[in-house]
Amino acid sequence: MRQELKSPLGRTYLVIEPDPLNRWIDVNWMGYLTSQSIQAGAAAYTAALAKWGYHAVLNDTRSVLGPWEHSMDWVVNTWAPEAAAAGLTHFAMVSTPESMADLSAIKFYQQLTAFKAEVFSDIEEARSWLRQFSLGDKASVA
């Protein structure tokens, strides 16, 4: 059940895809992000997380252009507690080192307290870290 969110100009800025094998929501952001796109996108994948009953998100920001600090306060103080209430416990963020988006990712990580998050530059390392929690959920439910 893949979901794509598009800007008013018709450009895809977010792809959301549940991953039943790993029991997480796979999120891929791209392009320049506005406050509105970040809020709409975060709400959409938080809803998917709750719908599927998962507790983990693989958040890929390697294709984001520019910083997203304009939304940092909202992400940390509004979205993060809402996502935790929806069941989010583990969040793996993948970003490109030394990019403007990576600087935003690091600031997000430093301020976050609602759930456990890690920032990675390698997607396979992020998947490996996240699997220990997402698949652990499956074992405890079974």
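Computed from the coordinates by the stated procedures, all read-outs in this text should not be read as laboratory data. Just so it is clear, the structure is predicted and the values come from calculations on it, not from any experiment. Note that each Cβ is placed from the backbone with ideal geometry, even for glycine, and that neighbours are counted across all protein chains shown.
Computed values, structure above
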read-out: Estimated translational D of region 1-79 in µm²/s (Stokes, Kirkwood radius over Cα pairs; 37 °C; 0.692 mPa s); value: 255 µm²/s
read-out: Simple spin-label estimate for LEU65 and LYS6 in nanometres, 7 Å along Cα-Cβ; value: 1.8 nm
